[in-house]
Amino acid sequence: MTAGAVSDAARSTHNLGSTQPSRQNKRVDDCQPCAFEIGPELAPFSVTFEVKQGPAGDRYIETLTVARSDAPDRTDVLKVHGMVPSGLGVPFFIAATDINFDGYNDLMLITSKGVANAFADYWVSVTESAKFEYVGNFPVLTPNASKKTLSSYERGGEGGMLFEKKVFRFSGLTLVLVESEKQEATGRVGQYRKTV
């Protein structure tokens, strides 16, 4: 962890015993590097940000470089997609959490955030190759371990009356939409159309 770190909070989201690494959240100014546990029999991984500065002094992450502490010469460079620049002093948010329910933590990086919604890039760990595979950029996903699904909820306007809710499930390394619900304005005051 660098001196520029704002905070480092590790929090367990499941109780699967010592075989499952806990979710690890980090709000940081930069990772040069940040360490994460990916799996019980794997050495810790380090993630290093390649931070770029925009013309207005704002910052964004162009790539993540991931390396195992027991093999630092074997690195995986992950391209960041759709990163919205942040102002100076605004920390980045990165987490290691199991999104495909295989017992190994995966990576997520918040790429944009507004008042009501945030989006993130997601990569799943492929333990056979010790690499990370890009899944996509989604609204922040909430895992449901008992159903093995991930859900997103995007708030629109009109006091929360406009929204879009989605449920996804993994098929191999691909995230597949299995449910969708959307509520939109109809053009009439106080009347909405819900599509399921």
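The values are calculated or read from the model by the stated rules, or taken from the named source; none is laboratory data. Everything numeric here is computed off the predicted structure, so don't read it as measured data. Cβ: placed from backbone, ideal geometry, glycine included. Neighbour counts: every protein chain shown.
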Give the residue that is nearest to residue 89 (Cα to Cα), with candidates limited to residues of region 1-60 that are part of a strand (DSSP E or B), small (Gly, Ala, Ser) and modelled with pLDDT under 70.
5
Within region 77-109, the residues that are surrounded by 20 or more Cβ atoms within 10 Å (Cβ to Cβ) and of a type in the set (D, E, K, R) are 98, 106
If you take the residues of region 139-168 that are among the hydroxyl-bearing types (Ser, Thr, Tyr) and surrounded by 15 or more Cβ atoms within 10 Å (Cβ to Cβ), which of them is farthest from residue 23 (Cα to Cα)?
153
Among the residues of region 155-196, what is the count of those that are β-branched (Val, Ile, Thr), more than 30 Å from residue 129 (Cβ to Cβ) and assigned to a strand (DSSP E or B)?
1
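Select from region 54-70 the residues that are of a type outside the set (A, V, I, L, M, F, W, C) and either touching a residue at least 60 places away in the same chain (Cβ under 8 Å) or surrounded by 17 or more Cβ atoms within 10 Å (Cβ to Cβ) (or both) and list them in ascending order. Break it down stepwise before answering.
Looking only at region 54-70, we keep the residues that are of a type outside the set (A, V, I, L, M, F, W, C), and these are 54-55, 57-60, 62-63, 65, 68-70.
Those that are of a type outside the set (A, V, I, L, M, F, W, C) and either touching a residue at least 60 places away in the same chain (Cβ under 8 Å) or surrounded by 17 or more Cβ atoms within 10 Å (Cβ to Cβ) (or both): 59, 60, 68.
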Under the condition of being in contact with a Phe, Trp or Tyr (Cβ under 7 Å, 6 or more places away or on another chain) and modelled with pLDDT under 90, which residue from region 159-181 is farthest from residue 121 (Cα to Cα)?
161
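Report, by residue number, each residue of region 110-129 that is surrounded by fewer than 19 Cβ atoms within 10 Å (Cβ to Cβ) and either of a type outside the set (Gly, Ala, Ser) or part of a loop (DSSP other than H, G, I, E, B) (or both). Outline the logic, then answer.
Residues of region 110-129 that are surrounded by fewer than 19 Cβ atoms within 10 Å (Cβ to Cβ), as a first pass: 112-118, 126-129.
If the condition is that a residue be surrounded by fewer than 19 Cβ atoms within 10 Å (Cβ to Cβ) and either of a type outside the set (Gly, Ala, Ser) or part of a loop (DSSP other than H, G, I, E, B) (or both), then 113, 114, 115, 116, 117, 126, 127, 128, 129 are the ones that fit.
Could you please find all residues in region 23-42 being of a type in the set (Gly, Ala, Ser) and in contact with a strand residue (DSSP E or B) (Cβ under 6 Å, 6 or more places away or on another chain)? Break it down into steps so the answer makes sense when it comes.
The initial filter retains those residues of region 23-42 that are of a type in the set (Gly, Ala, Ser), namely 35, 39.
Residue satisfying the conditions is 35 alone.
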Spot the failing condition for residue 186; the list is (1) surrounded by 16 or more Cβ atoms within 10 Å (Cβ to Cβ); (2) farther than 22 Å from residue 47 by Cβ, and only one is missed.
(1)
Could you list all residues from region 61-86 that are within 17 Å of the chain's Cα centre (by Cα) and not in a strand (DSSP E or B)?
80, 81, 82, 83, 84, 85
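Of a type in the set (D, E, K, R) and assigned to a loop (DSSP other than H, G, I, E, B): is that true of residue 102 in this structure? Step through it out loud before you land on a result.
Numbers: of a type in the set (D, E, K, R): yes; assigned to a loop (DSSP other than H, G, I, E, B): yes.
Considered against the rule, which asks whether it is of a type in the set (D, E, K, R) and assigned to a loop (DSSP other than H, G, I, E, B), residue 102 comes out as yes.
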